[in-house]
Amino acid sequence: VQLQASGGGLVQPGGSLRLSCKVSQDISRYTVGWYRQAPGKQRELVAAITSGSITNYSDSVKGRFTISRDDAKRTVDIQMNSLKPEDTAVYYCKTTIVSRDFWGRGTQVTVSS
């Protein structure tokens with residue numbers, strides 16, 4: 001299983017970015033999550049979406065980020081609005097299939113003026 005994250009970049013505070021995670025196989029039965037890791041910090045869950053499209057967000061991004069999925073395209077996107085400097089991190093997507101975690105390579109998000 002391969003996951004490919006894309007869409008990162010440099011954005012000013014208050015700006016928006018949309019990250020996309022493309023998965024190499026059918027994900028319709030699986031939860032997919034977006035995580036991030038800032039320098040010197042542990043990787044943390046940002047948002048996740050279940051096979052039934054139930055979503056879960058960290059408190060730090062609630063109301064600003066929206067996760068969505070398109071099982072036909074095998075993609076899970078995260079729309080990030082009102083970005084803050086503290087959102088700067090490498091963002092990763094992950095899914096768990098048969099108790100095994102599969103991670104994509106990260107995409108850098110930098111929020112800076």
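Within segment 8-31, none of the residues are under 12 Å from VAL109 (Cβ atoms) and without any contact (Cβ under 8 Å) to a residue 60 or more places away in the chain.
Apart from one condition, THR110 fits all of (1) farther than 24 Å from VAL1 by Cα; (2) in a strand (DSSP E or B); (3) free of Cβ contacts under 8 Å to residues at least 24 places away in the same chain; the exception is (3).
Within segment 65-91, the residues that satisfy the criterion of being out of contact with any Lys or Arg (no Cβ under 7 Å at 6 or more places or on another chain) and within 18 Å of GLN42 (Cβ to Cβ) are GLU86, ASP87, THR88. Screening the candidates THR88, THR55, THR66, THR50 for the property of being touching a Ser or Thr at 6+ places or on another chain (Cβ under 9 Å) and in contact (Cβ under 8 Å) with a residue 24 or more places away in the chain yields one hit, THR88. Every test in (1) surrounded by 15 or more Cβ atoms within 10 Å (Cβ to Cβ); (2) in a strand (DSSP E or B) is passed by VAL61 save one, and that test is (2).
Within segment 72-90, the set of residues being part of a loop (DSSP other than H, G, I, E, B) and either open to solvent by 50 Å² or more (accessible area, probe 1.4 Å) or among the basic types (Lys, Arg) (or both) comprises ALA72, LYS73, ARG74, ASN81, SER82, LYS84. Looking across segment 1-47, just one residue is in contact with an Asp or Glu (Cβ under 7 Å, 6 or more places away or on another chain), surrounded by fewer than 17 Cβ atoms within 10 Å (Cβ to Cβ) and in a loop (DSSP other than H, G, I, E, B), and that is SER28. If only residues of segment 48-57 that are of a type in the set (Ser, Thr, Tyr) and assigned to a loop (DSSP other than H, G, I, E, B) are counted, the one that is surrounded by the fewest Cβ atoms within 10 Å (Cβ to Cβ) is SER53.
The values are calculated or read from the model by the stated rules, or taken from the named source; none is laboratory data. The model shown is predicted, which means the values in this text are computed figures rather than measured ones. Cβ: placed from backbone, ideal geometry, glycine included. Neighbour counts: every protein chain shown. Accessible surface areas use protein heavy atoms only, side chains included; no ligands, DNA or RNA. Shrake-Rupley method; radii C 1.70, N 1.55, O 1.52, S 1.80 Å.
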